[in-house]
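The values are calculated or read from the model by the stated rules, or taken from the named source; none is laboratory data. The structure displayed is predicted, hence computed values, not measured ones. Note that each Cβ is placed from the backbone with ideal geometry, even for glycine, and that neighbours are counted across all protein chains shown. In case anyone asks, the SASA skips ligands and DNA or RNA and just uses the protein heavy atoms, side chains included. Shrake-Rupley method; radii C 1.70, N 1.55, O 1.52, S 1.80 Å.
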Amino acid sequence: MLRRKIKENIYWMGSVDWDSRLFDSLIPLPDGTSYNAYLIKGSEKTALLDTDEPHMAKEFMAQLEGVSQLDYIVSQHAEQDHSGIIMQVLEKFPEAKLVCTPKAKGMLIDLLHVPEDYFITVKDGEKLSLGDKTLTFIHTPWVHWPETMVSYLEEDKILFSCDFFGSHIASSELFVTDEGRVYEAAKRYFAEIMMPFRKVIQKNLAKLADYDIEIIAPGHGQLFPRPKFIIDAYHEWALGTPKNTVVLPHVSMHESTQQMVDHFVTALVDKGVRVEPFNLAVTDIGKLAISLVDAATIVVATPTVLAGPHPYAAYATFLANALRPNAKFLSIIGSYGWGGKTVETLAGMIPNLKVEIIDPVLCKGVPREDTFTTLTNLAGTIAEKHKENGFV
Ligand code: FEO
């Protein structure tokens, strides 16, 4: 991909990764992704905001052909998908300075071995003049590491946000044209890397409220020509109350737990509760993460294997604990053969979740009528708790 013009003297750089299907060797990417950097030419100085993934170095360095002067590399986030080519760029432009937060400086030294004399650290709210263009740096920790900041270009009213407001989408269109498609991709992204820091995100959103933003240019995915769309979505995801929804990650070995799941889904629907079941043997774990953003209740359904939960159920529970959703209730259902400590093991895996545990429903072997009755009662209890809390 060639360098692309956004506005006069402002360019998109980076790469569109059409083929990538897994991020951080963990997160499914059904739509690929992009790594976005930006080149800003002021009347006196030129700045590059972020770089690219290390394996995209050849393409990225080719985009710098014809750039005769580079005064600043702004590193908004030290993670290597944005910082990975900083050393190559500094080799091409040894006179450039590396601009970042004080916290990022140490991280970039550790991660990339950048020599100390390249750095200029900036305070929250500090400005950098490029001549006829001015960047303001706004510290926004935990989007998505502790050192992150965003940059506001005053004259053009562009917010360069790196991971903040990003989405994993590969597209030949620089700007968002299909907000529905981007909504789901951005929510997946929020769930996977922003949700654990929801409280800090709320503070970061408040910090941006005073800025007149016409374009948001993130580090992944397309640029937002209507920033209100993604800012409103972030307010909903970070500040919204849970919804009348049960997320139900489940796995079964000999159909007993599956019979319980089928009955429980029907009972929840009958009680007017939205339910999102995810068969962990086949599900896209990113879809499960999206559902956790809104869910009021999580119910893990698992058989007992080797005296504990099925490894898929343990994985989903570990992930939910790491993502720290805003769910208020949790329960466990499943079948066992001879005994075990499934409930104790799963309950010990969720120290980060501020949930009330509702009595689990376990049965020995194939469920009998009394188990189905108990599952119906569990669905009723959940419906009542959602109603009491005003979850709709
Ligand atoms: Fe896109 Fe946290 O890196």
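What to note about this one:
- All of 147, 155 fail the test of being within 16 Å of the ligand (Cβ to nearest atom) and acidic (Asp, Glu), apart from 147.
This table checks each residue for (1) touching a strand residue (DSSP E or B) at 6+ places or on another chain (Cβ under 7 Å); (2) assigned to a loop (DSSP other than H, G, I, E, B).
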| position | (1), (2) |
| --- | --- |
| 12 | yes, no |
| 16 | yes, no |
| 19 | no, yes |
| 30 | no, yes |
| 38 | yes, no |
| 51 | yes, yes |
| 56 | yes, no |
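- Among the conditions (1) open to solvent by 30 Å² or more (accessible area, probe 1.4 Å); (2) among the small types (Gly, Ala, Ser); (3) within 16 Å of the ligand (Cβ to nearest atom), the only one that residue 191 does not satisfy is (1).
- Members of segment 243-254 found to be open to solvent by 10 Å² or more (accessible area, probe 1.4 Å) and either without any contact (Cβ under 8 Å) to a residue 40 or more places away in the chain or in contact with a helix residue (DSSP H, G or I) (Cβ under 8 Å, 6 or more places away or on another chain) (or both), listed by number: 244, 250, 252
- Among the criteria (1) within 15 Å of the ligand (Cβ to nearest atom); (2) at pLDDT 95 or above; (3) surrounded by fewer than 24 Cβ atoms within 10 Å (Cβ to Cβ); (4) not polar (S, T, N, Q), the one residue 49 does not fulfil is (3).
- Residue 245 meets all of the listed conditions (1) within 16 Å of the ligand (Cβ to nearest atom); (2) over 26 Å from residue 17 (Cβ atoms) but one, namely (1).
- Odd one out for residue 82 among (1) open to solvent by 20 Å² or more (accessible area, probe 1.4 Å); (2) under 25 Å from residue 9 (Cα atoms): (1)
- Scanning segment 139-160 for residues that are more than 14 Å from residue 38 (Cα to Cα) and among the charged types (D, E, K, R) gives 147, 154, 155, 157.
- You will find that of 143, 182, 176, 150, the residue that is closer than 30 Å to residue 241 by Cα, among the aliphatic types (A, V, I, L, M) and in contact with a Pro (Cβ under 7 Å, 6 or more places away or on another chain) is 176 and no other.
- Taking the listed residues 282, 265, 261, the one that is assigned to a helix (DSSP H, G or I) and free of Cβ contacts under 8 Å to residues at least 40 places away in the same chain is 265, with no other qualifying.
- Subset of segment 206-242 (residues that are open to solvent by less than 20 Å² (accessible area, probe 1.4 Å) and more than 26 Å from residue 170 (Cα to Cα)): 208, 242
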